[in-house]
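Data block below; observations after.
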Amino acid sequence: MVEARWYIVHVAAGSERQVVAEMKKKFEKEELSDLLEEVLVFSKEAESVRRGARVKVQEKIFPGYVFVKMRFSPQSFTMIKSLPKVLDFLGATVQGVPQPLADEEVKKLIGQVEKLSESLRVQSCFEIGQIVRVRDGLFAGMEGVVENVDVPKQRLKVSIDILGRPTPVELEFSQVE
């Protein structure tokens, strides 16, 4: 039996999970589940602030791509290509057959994704000009206008009226809502 190898399937952006579900269903229906070993959509957990509330979201790392570990055969190739929202296999082809990824490359990617997931980041939903309320620190309870957003440092510059004068204050994302 042919060894299972990794391939990248290009799909319509936003339909990665739908394609994965359809792929698994089709392989089971055709009783070819043994050809399909693993299907991954690389994503990381991120924290987003929406309307002042923190929510956890799954953020795709490679939007529009599904990683498939399968035993390649003309039948498995055709089944995947015929799925709705599948555009093509990624990479060079030799006589119409896509070339697999090296296992080391995929292991490296998985390691990098795990590191990203461990370092949970807050994504900025703050915009310049937005009015925010300070919920922590010296200025708790006061409102101000966002002047600057520094996503990598997860900090905001907020203009707060103190004694009738706008005063710029640097705050962390977690201090405002």
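The values are calculated or read from the model by the stated rules, or taken from the named source; none is laboratory data. In this text, all values refer to a predicted model and were calculated from it rather than measured experimentally. Counting neighbours? That spans all protein chains shown, and the Cβs are built from the backbone with ideal geometry, glycine included.
If you scan the stretch 79-101, which residues turn out to be touching a helix residue (DSSP H, G or I) at 6+ places or on another chain (Cβ under 8 Å) and not in a strand (DSSP E or B)? Lay out the reasoning, then the answer.
Within the stretch 79-101, the first condition is being touching a helix residue (DSSP H, G or I) at 6+ places or on another chain (Cβ under 8 Å), and the residues that meet it are 79-80, 83-86, 88-89, 97-98.
Across the stretch 79-101, the qualifying residues are Met79, Ile80, Leu83, Pro84, Lys85.
Could we say that Gly144 is outside the structural domain of Glu37 (by TED's automatic domain parsing), part of a loop (DSSP other than H, G, I, E, B) and surrounded by 11 or more Cβ atoms within 10 Å (Cβ to Cβ) here? Step through it out loud before you land on a result.
Details: outside the structural domain of Glu37 (by TED's automatic domain parsing): yes; part of a loop (DSSP other than H, G, I, E, B): no; surrounded by 11 or more Cβ atoms within 10 Å (Cβ to Cβ): yes.
No.
List the strands (runs of 3 or more DSSP E) that sit entirely inside the stretch 1-70 and contain at least 3 residues that are β-branched (Val, Ile, Thr). Break it down into steps so the answer makes sense when it comes.
Details: elements: 5-11, 36-40, 43-50, 53-60, 65-70.
In the stretch 1-70, 5-11 are the strands (runs of 3 or more DSSP E) which contain 3 or more residues that are β-branched (Val, Ile, Thr).
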